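Every read-out reported here was derived from the displayed coordinates using simple, explicitly stated rules and does not represent laboratory data. In this text the structure is predicted, and so the values were computed from the model without any measurement. When we count neighbours, we look across all protein chains shown, and the Cβ atoms used for this are built from the backbone with ideal geometry, even at glycine.
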Amino acid sequence: MTIIDRQSALDTQKWLKSEELGRDACGEFDYCKYCDKAIDNPCAVALGKMESEINSKITTKKEESKTSQKKCTKKTTKTTTKTAKAKSTTSKTKKSSSK
């Protein structure tokens, strides 16, 4: 979708919302805080800026998560304990000699 197509779609959404509210809805969308009305396609550019900021925050959180996981991960080594098999003992009885 080109920036012009995106602006057109946003203009339509803004028009419909304005009709619903009975007033101009310009400035009432989440992306409007990024708006610069002095440029061409201000809504599309503002939405792009908002999306970039969101993606940047997501990337930063993922990196922070990976970093904290590395700090918390401990290498464990397997230790094996050899157990000796019990030797069976038999009692040897001496036969008494009869005299």
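State, to one decimal in nm, how far the label point of Lys17 lies from the label point of Met1, with both points 7 Å from Cα in the Cβ direction.
1.4
Relative to the present Cα-Cα distance, how much length would full extension add between Asp40 and Ser65 at 0.36 nm per residue of separation? Display every interim value, and only then the final one.
Details: separation 25, 0.36 × 25 = 9.00 nm, distance 3.84 nm.
Result: 5.2 nm gained on full extension.
Can you give the convex hull volume per residue for the Cα atoms of the stretch 16-73, as a whole number of Å³? Present the calculation step by step, with values, prior to reporting the outcome.
Numbers: hull volume 5.8 nm³, N = 58.
Per-residue hull volume (Cα only) is 100 Å³.
Calculate, in whole percent, how much of the Cα-Cα pair population of the stretch 1-48 lies beyond 15 Å. The partial results should precede the final answer.
Working: 455 of 1128 pairs.
The share of Cα pairs beyond 15 Å in the stretch 1-48 comes to 40 percent.
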